[in-house]
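Q: Sharing a structure here in structure tokens format.
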Amino acid sequence: MKAALFAFCLIGLAGFASAGPARPTVVSLDYCADQFVLALADRDQILAVSRDAERKFSHLRGKAAGIPKVRAAAEDVVALQPDIVVRSWGGDARALSLYERFGIRTVQIGYGEDIESAKQVTRAVAAEIGQAARAEALIAALPPPRPPTGVSALYVTPGGVSAGEGTMIDAIMTYAGLENANGGTGWTGLPLERLVQAPPALMLTAFFGFDDDATDRWSVSRHPVMQRLMREAKVVAMDESRVSCPAWLVADEADAIARALEAAP
């Protein structure tokens, strides 16, 4: 009897030892942070995600169903007693020192301006929440970059904002095998006069249908000439939920654009 009990105890201790340390519990404060947490963390790690986690612009909104939502207010976050808070812009930056006093570590999502830096941001967040292997699996499954096609494209938004060199949109175009028709650097306005002289054959649009009433009525995108140029060009609507955060998802969006062009007549 004693021998059997001893053996049972050894088995139990061995199982406990092999379980390893528990992964940290997590709260995410904005919909960008939500994407990383929903994709990388185990369900039982996630104490709450942001209130925007199930909105249209949140790519992994389906995975957020049933998970508690939290305001980015410091008192609400502290009440949940997470090990880690993941944020991009959510919450008040002044609350970070408060979290530290309560033993809550903050993981700040870094900035990424191209596909490789998006991969590195994904790896960095995964390492902080104890899920490095899951990040590597996501990255390994990403589609490869497309070879250059010689086709140029212009990025167009309702507010008249476009993207030049050094932006993630520019990197997405390159990954999709496209050239950027915007000759500027960074985020620029739509150069209407230049577009009239050299109309782009391809336009990539994003955020049309989001908060239409908030769009400036004087935006270049509403100009009759710009509306005509858009009607005459081939237009590919981007998935906004994959391009509003420097995550691995941007490579999927580049592939989706390339596939849409291949399928077009």
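The values are calculated or read from the model by the stated rules, or taken from the named source; none is laboratory data. All values derive from a computational prediction rather than experimental measurement. Because the Cβ atoms are built from the backbone with ideal geometry, glycine has one as well, and the counts that use them run over all protein chains shown.
Q: Please find, within region 76-113, the residue that is farthest from the chain's Cα centre (by Cα) out of those that are of a type in the set (Asp, Glu) and at pLDDT below 95.
A: Step by step, filter region 76-113, then rank; the result is 100.
Q: When you go through 53, 65 one by one, which is the residue that is small (Gly, Ala, Ser) and in contact with a Leu (Cβ under 8 Å, 6 or more places away or on another chain)?
A: Criteria check complete, one pass: 53.
Q: I'd like the residue in region 18-48 that is assigned to a loop (DSSP other than H, G, I, E, B) and charged (D, E, K, R) and, out of all such residues, is farthest from residue 206 (Cα to Cα).
A: 23
Q: Looking at 177, 186, 160, which is the one that is surrounded by 15 or more Cβ atoms within 10 Å (Cβ to Cβ) and touching a strand residue (DSSP E or B) at 6+ places or on another chain (Cβ under 8 Å)?
A: Answer to the selection: 160.
Q: So is residue 124 more than 17 Å from the chain's Cα centre (by Cα), of a type outside the set (Asp, Glu) and under 29 Å from residue 79 (Cα atoms) or not?
A: No; evaluated as a whole, the condition is false for this residue.
Q: Restricting to region 197-219, name every residue that is modelled with pLDDT of 70 or more and either touching a Ser or Thr at 6+ places or on another chain (Cβ under 7 Å) or closer than 25 Å to residue 172 by Cα (or both).
A: Scanning region 197-219 gives 198, 199, 200, 201, 202, 203, 204, 205, 206, 207, 208.
Q: Output the residue which, of all residues in region 70-83 that are in contact with a strand residue (DSSP E or B) (Cβ under 9 Å, 6 or more places away or on another chain) and in a loop (DSSP other than H, G, I, E, B), is surrounded by the fewest Cβ atoms within 10 Å (Cβ to Cβ).
A: Of everything passing the filter in region 70-83, 81 is surrounded by the fewest Cβ atoms within 10 Å (Cβ to Cβ).
Q: So, of the residues in region 84-104 that are without any contact (Cβ under 8 Å) to a residue 40 or more places away in the chain and over 12 Å from residue 73 (Cα atoms), which turns out to be surrounded by the most Cβ atoms within 10 Å (Cβ to Cβ)?
A: That would be 104.
Q: Considering each residue of region 119-133, count those that are touching a residue at least 24 places away in the same chain (Cβ under 8 Å) and within 18 Å of residue 28 (Cα to Cα), and give that number.
A: Residues meeting the conditions: 8.
Q: Go through region 49-69 and count every residue that is in a loop (DSSP other than H, G, I, E, B), of a type outside the set (D, E, K, R) and loosely packed, with under 14 Cβ neighbours inside 10 Å.
A: Within region 49-69, residues that are in a loop (DSSP other than H, G, I, E, B), of a type outside the set (D, E, K, R) and loosely packed, with under 14 Cβ neighbours inside 10 Å number 3.
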